[in-house]
């Protein structure tokens, strides 16, 4: 099946810094990608829908200025966590559809 | 809005035991239903799906039937193996016929199978 990669797989940063997470579809093109956040022992919660060539669509309660999404090409979407704080520590997962949803392996963000 | 409720874990079974993980949903219209599996250290993988009422999804010995009358999509396997140890997520997408849309997930159920 299709492959979606994420980079980095884990990142530790200091409070107040910004962190960029990349999501790539390796062998297919995706005009839409989805970003999820997963808390320990909790479900995946959809944060936003990334749209190639246009603005992302954010779910209710997600701060668009905090979580910047850029879908620069048909194979790359990036999520930037701006001015990160410890409460932003989480597991971030992206997915891209190609007849079915393909998920990246996730990025573990720890903010100190 | 749409929601998915699945059986809380963790579930611990012996090898060759029967597995059921319950999943019920709330949605308007005619959603598609999915089971995803997340093995340790890996991303979510589609296990099976059903896109309309009474459809049965099956894969790797796992089965689930889309029951509109009970709004359920319970996962079953007749004889589990140690290699089935993983977290299982029930999910829905708002439209029938596919999963090219955003998904709503249940909380996940951790399954541990002991030899």
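Ordered by the number of other Cβ atoms lying within 10 Å of each residue's own Cβ, fewest first, B:80, A:11 fall into the sequence A:11, B:80. Beta bridges per DSSP, both residues in the protein assembly as shown: antiparallel share near 90 percent. Report the normalised scattering of the stretch B:24-67 as log10 I(q)/I(0) at q = 0.29, 0.30, 0.32 Å⁻¹, calculated by the Debye formula with identical scatterers on the alpha carbons. Normalising to I(0) and taking log10 leaves -1.04, -1.08, -1.15.
Relative to the globular-protein estimate of 2.2 N^0.38 Å, the Cα radius of gyration of the stretch A:1-47 stands at 1.38.
Taking the number of Cβ atoms within 10 Å of each Cβ as an exposure proxy, the fewest-first ranking of A:88, B:55, A:65 is A:65, B:55, A:88.
Across q = 0.07, 0.10 Å⁻¹, the protein assembly as shown modelled as identical point scatterers on its alpha-carbon atoms has Debye log10 I(q)/I(0) values of -0.22, -0.45, in the order of the q list. Summary value for chain B: 37 percent relative contact order, contacts being C-alpha pairs under 8 angstrom separated by 6+ residues.
Here is the P(r) of chain B: all C-alpha pair distances, binned every 5 Å from 0, give 2, 13, 24, 26, 18, 10, 5, 1, 0 in whole percents. Comparing Cα centroids, the stretch B:67-87 and the stretch A:45-112 end up 29 angstrom apart.
The fraction of all Cα pairs in the stretch A:1-83 landing in successive 5 Å bins from 0 to the largest distance is 3, 14, 23, 25, 22, 10, 3, 0, given as whole percents.
A short reminder: the numbers here are calculations on the coordinates, not readings from a lab. As the structure is a prediction and not an experimental result, all values here were calculated from the model. Here Cβ is always computed from backbone atoms with ideal geometry, including for glycine, and neighbour counts include all displayed protein chains.
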